[in-house]
């Protein structure tokens, strides 16, 4: 069993997906379950977790509707307004949706410094653990000190760090990212996705050798029992193919024991998301 713990689906519109700039023109189109089935079959992936790409309740509803009719989709990481005074009601509304595995907010895009440390954000986040929901952390590497504070406020919450915290690969800067990753990994309630790495390098000229210190760093910090595979498809397509990224990840973990490889490919995602 292989689980892709991070991919997206969307009906493209320039208004709603303005973050897809000219350098990413290749993905300015719809990506729907038919496309997903073809891509996962070619890469040998058995199940996926669909992650929000817009910050709207409507998208969360749409992803869950797709998941209900698609066996391939094991879970959904949606979005709900954690800072809302009515977040309890919003969570109650989705409480019966079995495939809702977690929530995410695009913290990397928040212009307000310290947004993730706001009292209202944390009040909303504090309600997830009792409901069995994980929380995906989407940040740039320079936000990791704030992430440490956030995680320490919620020791019983399952957190999953997306895209190995987007290190500065293009600039070839390993520190202070690596030390911060090691510190975050000391928290046993945090997992990490090996995803979104190629798009932090030069999308036209990256090499496996260039990525290696960051891949190895993530594996060293979180270990094979808390690192999981994610494709970041279709975003990854601006730099590499789905099957090519899966193969590269496979080479990284090929030296691990069979049980450790099973954890990387599926067991860790199952545990972190309560699948």
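Please list 258-266, 117-125 highest first by mean number of surrounding beta-carbon atoms within 10 Å per residue. Write out the running numbers ahead of the final one.
On the way: 258-266: 17.7, 117-125: 16.0.
For the peptides 258-266, 117-125, the packing ranking is 258-266, 117-125.
So for the pair residue 168, residue 34, with labels modelled 7 Å out along Cα→Cβ, what separation do we get in nm?
In this crude spin-label approximation the distance works out to 4.4 nm.
With springs connecting C-alpha atoms under 10 Å apart, model the chain as a Gaussian network and identify which of 154, 105, 204 has the largest mean-square fluctuation.
204
Need the full-extension length gain, residue 254 to residue 118, defined as separation in residues times 0.36 nm minus the C-alpha distance. One decimal, nm.
Between residue 254 and residue 118, full extension yields 44.8 nm more.
Rounded to the nearest 500 deg cm²/dmol, what is the calculated helix-only ellipticity per residue at 222 nm for the chain, with -39500 (n - 2.57) per DSSP H run of length n ≥ 4?
That calculation yields -10000 deg cm²/dmol at 222 nm.
Could you tell me the center-to-center distance, by alpha carbons, between the range 44-98 and the range 139-190 in angstrom?
Here the two parts' Cα centres lie 24 Å apart.
Fewest to most neighbouring Cβ within 10 Å: what's the order for 166, 11?
Values: 166 22, 11 12.
Ordered from fewest to most neighbouring Cβ atoms within 10 Å, 166, 11 come out as 11, 166.
Can you put 28, 186 in order of Cβ neighbours within 10 angstrom, beginning with the fewest? Don't skip to the answer; put the middle values down first.
Working: 28 13, 186 10.
Neighbour counts put them in this order, fewest first: 186, 28.
Can you sort 147, 197 from fewest to most other Cβ atoms within 10 Å of each residue's own Cβ?
By the 10 Å Cβ count, ascending, the order reads 147, 197.
Tally the DSSP beta bridges in the chain and give the antiparallel ones as a percent, rounded to 5.
That works out to approximately 5 percent antiparallel.
For the range 33-116, compute Rh as the Kirkwood radius over C-alpha pairs and then the Stokes-Einstein diffusion coefficient at 37 °C and 0.692 mPa s; write the answer in µm²/s, rounded to an integer.
234
No lab work stands behind these numbers, since they all come straight from the coordinates. As the structure is a prediction and not an experimental result, all values here were calculated from the model. Cβ atoms come from the backbone with ideal geometry, glycine included; neighbour counts cover every protein chain shown.
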